[in-house]
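The next block holds one structure in the form of C-alpha cells; read it before the comments.
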Amino acid sequence: MYAQAKQYMADQNEKRLVSVGRAIAAQIDLARLTSFLPGDEFTSEYEIEQGRLSRMRDEADLDNIALFVPYQGSLLDTRRGIGIGDFHPLNDIDRPELRPLWEGAPVGLPLYEVDGEAFQSAFVPMIDGSELAAVLALDASANFLSDLDRLKTALYAAALLSLLLALGLGYLVHRNTKSILALHTEIKNQEKLAALGTLTAGLAHEIRNPLGIIRASAELLHEEEKTTPHVMEFGREIMEEVDRLSELLTNFLQFAKPARADENAGDLGGLVEEILDRVQKNFDDQHVALVRDVTKESLRLRMDSIQIAQVVLNLVLNAKDAVNGEGRVSISVRRTSRPRDGALQPSGEKSDGPFAEVSVRDNGCGMTKSTREKLFDPFYSTKSKGTGLGLSIVHGIVQGHEGYLFIDSEEGRGTEIGFGLPLAEK
C-alpha cells in the first residue's frame, strides 16, 4: 500500500511539473534569450531575465529552472551558474525517455536520488516553427516522500495503539465479564445457602429428637447383660451411625448458616499447640509422627478461637487420614510478610501483611489436579464416609477472618495445605 501511494504521488507530482513547465515556457521570450552570447551573463539585461525565471522558480516551489539548446549548450540556469553556451548536464536529449521532446511532447521523469535526497524532473519542448529550438528543464524536490514517510510512521503508530487499545479493552471486558459471572455465581450460591440454611434449621430439631431416642435405645441394647454378642455389635453399629448422622447434621447447619465470628485477641501459636496436644495420643495410637515447628514469637491477632481451632483440627486430621498409618505430619506456625503465590483470598488480590501462617504438610499420596481444583467445593469428598463440607467450612471461616488459604500437592509427593490470618495492629 505504501508503494502504491508513493507511485501515485510521484505521478501527480510529475503532472504538476509538466503543467508548471508549460506555463513558464509560455512566458519566456526565447528570441531574446537566444540572442545572448557567451560573456553576456554579467550584463543587466541577462540578469533581469535570470531574476525573472528565479522568481518563477520560487513561486512554483521548484529547485531549479534551466534552458538549453539541443547539441549547443546552456542558455540559462537559475542554480548551477553554468555559462552561456557551456555544456549542460541535462542536455542529453538522445536518451530514449527524452525522445518525445523531438515530437513536441513534454516528458516527466521518475524519481531519482542525489546525495540521499529524492528529486523529480520535467522537460518541456520550446518549438520555433516546426523545429525543437530549446528545452526547458525543471527540477523539484520530492518532499512529499518525507510527508508520506511521516504518515506511514503515524499510521503504524496508530495501528499499534489501536491494537494495544483493543487488547486492553478485550482484557478489561474479559476480566469484568469473569467478575460479573463470579458475582452472579456467588449470588446464586448465597441464595442456595440461604434456602439450605432455612431448610436445615427447620429440620434439625425434628431429626435430632428421634436420633437421640434411637441412640439411647441402641446404648441400652449394647449394655444389656443378657444381650448376645451379635446383638451387642448391632447396638454399637447403630450408635456409630447415629453419631455420624448427628455430625453430618451439625456440618450442614454450620455450612448453610455459619455462626458470626466472635473475635477476640489471641495468640495463634498457643492455640495451635493446644490443638496438637489434644490429638497427640490419636496420632501415637495410629503410629503417625506429629512434627511441630511453632514459632516462639507471639502472633497475636483478632480471631474467633473456636472457629480457628476447628480449622486447624480439620486440616491436621485430614493430613493424618492421608498418610494412612506410619506416616508423618508436620505443622509449622510462623510470621510472613505476604500471602503465598496462588493463595485463595476473599478479594482475589494480594493483601498487605504481616500475617500469621499455619502450614500442615503430610507425606501421603498427594492429590491429582482435578482433586485440587474441587477441594473446597461443597459436598466434594475423597473419603468414603466424608460429607464434603469440612474444607468448605474451613474456607468460609478463613474468608470470614479476611485470611488466605493455600495448597501445594502432587500425586506421590504428599500435600501441604494451610492458611494465613492478618496479625493485629500494635
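The values are calculated or read from the model by the stated rules, or taken from the named source; none is laboratory data. Everything quoted here is computed from the prediction, not taken from an experiment. Methodologically, a virtual Cβ is constructed for each residue, glycine included, from the backbone with ideal geometry; neighbour enumeration extends over all protein chains shown.
Rundown of residues vs (1) buried (at least 21 other Cβ atoms within 10 Å of the Cβ); (2) within 30 Å of residue 300 (Cα to Cα), yes/no style:
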{"site": "319", "(1), (2)": "yes, yes"}
{"site": "328", "(1), (2)": "no, yes"}
{"site": "335", "(1), (2)": "no, yes"}
{"site": "340", "(1), (2)": "no, yes"}
{"site": "345", "(1), (2)": "no, yes"}
{"site": "361", "(1), (2)": "no, yes"}
{"site": "368", "(1), (2)": "no, no"}
{"site": "374", "(1), (2)": "no, no"}
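Is there a residue in segment 364-383 that is assigned by TED's automatic domain parsing to the domain that holds residue 327, assigned to a strand (DSSP E or B) and at pLDDT 85 or above?
Initial filter on segment 364-383 (assigned by TED's automatic domain parsing to the domain that holds residue 327): 364-383.
Next, only the ones that are assigned to a strand (DSSP E or B) stay: none.
No.
Return a yes/no flag: does segment 266-278 have any residue that is at pLDDT below 90 and β-branched (Val, Ile, Thr).
Within segment 266-278, not a single residue is at pLDDT below 90 and β-branched (Val, Ile, Thr).
Looking at segment 390-398, is at least one residue surrounded by 16 or more Cβ atoms within 10 Å (Cβ to Cβ), over 32 Å from the mean Cα position of the chain (by Cα) and either at pLDDT below 75 or not assigned by TED's automatic domain parsing to the domain that holds residue 299 (or both)?
Yes, segment 390-398 contains at least one residue that is surrounded by 16 or more Cβ atoms within 10 Å (Cβ to Cβ), over 32 Å from the mean Cα position of the chain (by Cα) and either at pLDDT below 75 or not assigned by TED's automatic domain parsing to the domain that holds residue 299 (or both).
Within segment 39-131, considering only strands (runs of 3 or more DSSP E) that don't extend past its boundaries, which have at least 1 residues that are more than 17 Å from residue 14 (Cβ to Cβ) and at pLDDT 85 or above?
64-69, 73-77, 117-128
Out of 79, 95, 99, report the one residue that is surrounded by fewer than 19 Cβ atoms within 10 Å (Cβ to Cβ), closer than 15 Å to residue 141 by Cβ and of a type in the set (D, E, K, R).
Values: 95 fails: closer than 15 Å to residue 141 by Cβ; 99 fails: closer than 15 Å to residue 141 by Cβ.
Selected residue: 79, the only one of 79, 95, 99 that is surrounded by fewer than 19 Cβ atoms within 10 Å (Cβ to Cβ), closer than 15 Å to residue 141 by Cβ and of a type in the set (D, E, K, R).
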